[in-house]
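Chemist: Below are the structure tokens for one structure; questions will follow.
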Amino acid sequence: MEWRVGVLRSGVENVVWTDHGTGVNWQSARDAAVDALYERAVLEGRQEYRIQVGEQEGYSWPGVTEDGELDLSIIRDVLPRQYYSH
């Protein structure tokens, strides 16, 4: 299953897909994509991020903690841990 991660940088209109890969199933693809999203956010800071695993998409806007540091606590939950089909 294919996955990709992108960032919509400040002042830009289009998402730049920065990271991509494949997993043998939903769980492995989701985990790899979430790890890539986390690393991308560490590198680029407060931006709008996109994640796609198979046909399922997610969005993330990391905030800032009270101490002024990047809050990445929501990144791990951007996509469900189980795949649900319609």
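The values are calculated or read from the model by the stated rules, or taken from the named source; none is laboratory data. What you see is a predicted model, and the numbers here were worked out from it, not measured in a lab. Glycine gets a Cβ as well: all are built from the backbone with ideal geometry, and neighbour counts include every protein chain shown. The area values use the complete protein model at the heavy-atom level, side chains included, leaving out ligands, DNA and RNA. Shrake-Rupley method; radii C 1.70, N 1.55, O 1.52, S 1.80 Å.
Chemist: In a loop (DSSP other than H, G, I, E, B), out of contact with any Cys (no Cβ under 6 Å at 6 or more places or on another chain), surrounded by fewer than 17 Cβ atoms within 10 Å (Cβ to Cβ) and of a type in the set (A, V, I, L, M): which single residue out of 12, 42 fits that description? Before the answer, list the steps.
Modeler: Working: 42 fails: in a loop (DSSP other than H, G, I, E, B).
Checking each option against the conditions leaves just 12.
Chemist: Go over the candidates 50, 30 one by one and state the one that is of a type in the set (D, E, K, R) and not in a helix (DSSP H, G or I). Even if it seems obvious, please write down each step before you answer.
Modeler: Working: 30 fails: not in a helix (DSSP H, G or I).
Step by step, each of 50, 30 is checked, and only 50 is of a type in the set (D, E, K, R) and not in a helix (DSSP H, G or I).
Chemist: Determine which single condition residue 66 fails, assuming it passes every other condition in (1) part of a helix (DSSP H, G or I); (2) surrounded by fewer than 13 Cβ atoms within 10 Å (Cβ to Cβ).
Modeler: So residue 66 meets the others, but not (1).
Chemist: Sticking with this structure for a sec: Count, please, the residues in the range 69-83 that happen to be open to solvent by 100 Å² or more (accessible area, probe 1.4 Å), over 14 Å from the mean Cα position of the chain (by Cα) and not aromatic (Phe, Trp, Tyr). Don't jump to the end; show me each part of the working.
Modeler: Our first condition is that a residue be open to solvent by 100 Å² or more (accessible area, probe 1.4 Å); within the range 69-83, this holds for 69, 77, 81-83.
Now drop any that are not over 14 Å from the mean Cα position of the chain (by Cα), which leaves 69, 82-83.
From what is left, the residues that are not aromatic (Phe, Trp, Tyr) are 69, 82.
Counting residues in the range 69-83 that are open to solvent by 100 Å² or more (accessible area, probe 1.4 Å), over 14 Å from the mean Cα position of the chain (by Cα) and not aromatic (Phe, Trp, Tyr) gives 2.
Chemist: Let me ask another. Given (1) touching a Lys or Arg at 6+ places or on another chain (Cβ under 6 Å); (2) part of a loop (DSSP other than H, G, I, E, B), where does residue 20 come up short, assuming only one miss?
Modeler: (2)
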